[in-house]
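Down below is the structure, laid out as structure tokens.
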Amino acid sequence: DAGVIQSPRHEVTEMGQEVTLRCKPISGHDYLFWYRQTMMRGLELLIYFNNNVPIDDSGMPEDRFSAKMPNASFSTLKIQPSEPRDSAVYFCASQLSQSSYNEQFFGPGTRLTVL
Amino acid sequence: GQNIDQPTEMTATEGAIVQINCTYQTSGFNGLFWYQQHAGEAPTFLSYNVLDGLEEKGRFSSFLSRSKGYSYLLLKELQMKDSASYLCAVRDYNYGQNFVFGPGTRLSVLP
């Protein structure tokens, strides 16, 4: 398997623009997670899905953020409108199941810069 | 809520041994994971502990004491490529069995 795939790897946009981040999890993994990483706040969980269903989005900072998982092999995280404080690295991770020993596999991340 | 602490930065010399500590507080503990993250890259899994004791994996070992809410990652025979951030993550029943990550420890290995 190619691992978790994310695109784009880098995104530079202007304040107010819509941003869409994409993720393809490892085939067969039931869980998908979206994280945001900044120097100040570290790695924060935004939302996670189980079998394509959003389970907990309490980490999504505002209504400007939304996430979908239309099928088992694709998820998007959308920010509309974007703001400079959204600048961060966004990681997608997938996990086989919630058994205690299952680790999460991270994608390479999308580095977002909002000017 | 969950509270995980790690030292912010550590420095060690090539060939030496370094111990990175992690303390946590939760009533819903269900496993502790260590991840390595090189600058500009994704976190990658290093080790997992759910029972007390030491887990050894080559040059890396991880220890857990559930009664003390304490873990450490031990890196032996340090190499320059071990310069990275090391993240402690607790799997927590109180958070839907999801990971809560510590702030990370940035390790610099000097020649």
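The values are calculated or read from the model by the stated rules, or taken from the named source; none is laboratory data. Note that this is a predicted model, so its numbers are computed, not measured. Positions of Cβ are generated from backbone atoms using ideal geometry, with glycine treated the same way; all protein chains shown enter the neighbour counts. Only protein heavy atoms, including side chains, enter the accessible area calculation; ligands, DNA and RNA are left aside. Shrake-Rupley method; radii C 1.70, N 1.55, O 1.52, S 1.80 Å.
Within the bounds of segment A:61-79, is there any residue that is within 14 Å of chain B (Cβ to nearest Cβ), touching a residue at least 40 places away in the same chain (Cβ under 8 Å) and closer than 30 Å to B:Ser47 by Cα?
Within segment A:61-79, not a single residue is within 14 Å of chain B (Cβ to nearest Cβ), touching a residue at least 40 places away in the same chain (Cβ under 8 Å) and closer than 30 Å to B:Ser47 by Cα.
For a quick check of your reading: which strands (runs of 3 or more DSSP E) sit entirely within segment B:38-111 and have at least 3 residues that are within 22 Å of A:Ser99 (Cα to Cα)?
Hits in segment B:38-111: B:44-49, B:53-57, B:60-65, B:84-92, B:98-101.
Every residue in segment A:24-33 that is in a strand (DSSP E or B) and in contact with a Leu (Cβ under 7 Å, 6 or more places away or on another chain), please.
A:Phe33
Which of the residues spanning segment B:10-37 are farther than 24 Å from B:Ser65 by Cβ and in a strand (DSSP E or B)?
B:Thr11, B:Thr13, B:Gln37
Kindly establish whether A:Arg36 is surrounded by 12 or more Cβ atoms within 10 Å (Cβ to Cβ), more than 14 Å from every other protein chain (Cβ to nearest Cβ) and part of a strand (DSSP E or B).
Taking the combined requirement at face value, the residue does not satisfy it.
Just checking, does segment B:49-59 include any residue being of a type outside the set (Phe, Trp, Tyr), within 12 Å of chain A (Cβ to nearest Cβ) and open to solvent by less than 30 Å² (accessible area, probe 1.4 Å)?
Looking through segment B:49-59, at least one residue is of a type outside the set (Phe, Trp, Tyr), within 12 Å of chain A (Cβ to nearest Cβ) and open to solvent by less than 30 Å² (accessible area, probe 1.4 Å).
If a residue must be within 15 Å of the chain's Cα centre (by Cα) and more than 11 Å from every other protein chain (Cβ to nearest Cβ), how many such residues does segment B:91-107 contain?
Going through segment B:91-107 one residue at a time, the tally reaches 2.
Are any of the residues in segment A:19-37 out of contact with any Gly (no Cβ under 7 Å at 6 or more places or on another chain), farther than 19 Å from A:Ser94 by Cα and not β-branched (Val, Ile, Thr)?
So far as segment A:19-37 goes, no, none of its residues is out of contact with any Gly (no Cβ under 7 Å at 6 or more places or on another chain), farther than 19 Å from A:Ser94 by Cα and not β-branched (Val, Ile, Thr).
Just give me the residues in segment B:64-83 being buried (at least 17 other Cβ atoms within 10 Å of the Cβ) and either within 14 Å of chain A (Cβ to nearest Cβ) or touching a Ser or Thr at 6+ places or on another chain (Cβ under 6 Å) (or both), in sequence order.
B:Leu64, B:Gly69, B:Leu73, B:Ser83
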